[in-house]
Amino acid sequence: MLLCALLAAALMFADHRFTRMEAVRAQLSTVVAPIQWLVSLPSDVLTWGSLALSDQRALVEENRRLREQILQLSHRVQRMSSLTAENVRLRELLAAGERHEVPYITAELLSLDADPFTFQMVVDQGRRDGVYVGQPVMDASGLVGQVTAVSAFSSRVLMLADASHALPVQVNRNGLRFIVQGTGEYDALEVLHVPDTADIREGDLLVSSGLAGRFPSGFAVARVSEVVHDPGQPFARVLAEPVARLQRSRHFLLLFPPGPAGEPEANGASPAGPSEGRAASEEDS
């Protein structure tokens, strides 16, 4: 042991004082490398085996979850087919007309109004694309607002959250009709003149009723977030949260609902679709 200690001290002194030991160390590392590889081989094999087994377990579990989701979705599809057929039969029984898809064009956000007391935005579709004042605007989740000003290549949209905006809605659960008005906050709308005894609850979905003739019926507007009953007051205080992502959405749909007798709007918008609307605007220009 004394000899090994002296030899180690001599090697450390030589390594510190002379540069030739670097070449010796490199050669020794080359010699020792296979030994190090053999020593680490069992650990590497165990690590690879555990990783392979864990990946296999994860794949089996993921496959099981996907099978469950397929079964659930198949059940929903079957139920939806049954409900669709039942709806068709009921509409035939009531002699109601077939519902048609509402034509639309897509638009992208250009800018937001800098005024903190207004909730307006500018989108990249204008008069040349058939956009008109009063046109409904929605995103992937629900109604966003309506067009208030149109130029050749862009349009200004007033959002639901603006305190000057209101639209008629109905409770999707029971059909009760109310008016929803903006409060000046992105996440809150006020349901006006709700009788204290009205059947409206937290979580109820509010959809457009179509009574004003501007917004088509059946589009999601907001979900009731708070119902406050004040004893002695004839009306309850009801707040709702917009379902549209007013602060996050960048892409929107500009709807072309048919006019009163199934005729298109008088401003040049065509219910046949965006391509015909653009063609009409190009002919006008």
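The values are calculated or read from the model by the stated rules, or taken from the named source; none is laboratory data. Just so it is clear, the structure is predicted and the values come from calculations on it, not from any experiment. FYI the Cβ positions are ideal-geometry reconstructions off the backbone, even for glycines, and counts take in every protein chain you see.
For the reader, a short list of remarks on this structure follows.
- For the criterion of being out of contact with any Cys (no Cβ under 7 Å at 6 or more places or on another chain) and part of a loop (DSSP other than H, G, I, E, B), Arg237 fails.
- Filtered residues of the range 114-154 (kept if without any contact (Cβ under 8 Å) to a residue 40 or more places away in the chain and in a loop (DSSP other than H, G, I, E, B)): Ala114, Asp115, Pro116, Asp124, Gly126, Ser151, Ala152, Phe153
- Within the set Val227, Val238, Val194, the sole residue that is in contact (Cβ under 8 Å) with a residue 24 or more places away in the chain, surrounded by 17 or more Cβ atoms within 10 Å (Cβ to Cβ), touching a Phe, Trp or Tyr at 6+ places or on another chain (Cβ under 7 Å) and of a type outside the set (D, E, K, R) turns out to be Val194.
- Taken together, the criteria place Arg201 among residues that are over 30 Å from Met121 (Cα atoms), charged (D, E, K, R) and either in contact with a strand residue (DSSP E or B) (Cβ under 7 Å, 6 or more places away or on another chain) or not in a loop (DSSP other than H, G, I, E, B) (or both).
- Among the residues of the range 202-244, just one is among the basic types (Lys, Arg) and either farther than 22 Å from Val144 by Cβ or outside the structural domain of Ile179 (by TED's automatic domain parsing) (or both), namely Arg237.
- Of the residues making up the range 6-49, those that are among the polar types (S, T, N, Q), surrounded by 10 or more Cβ atoms within 10 Å (Cβ to Cβ) and modelled with pLDDT of 75 or more number 2.
- Residue tally, condition under 15 Å from Leu192 (Cβ atoms) and at pLDDT below 95, over the range 213-225: 0
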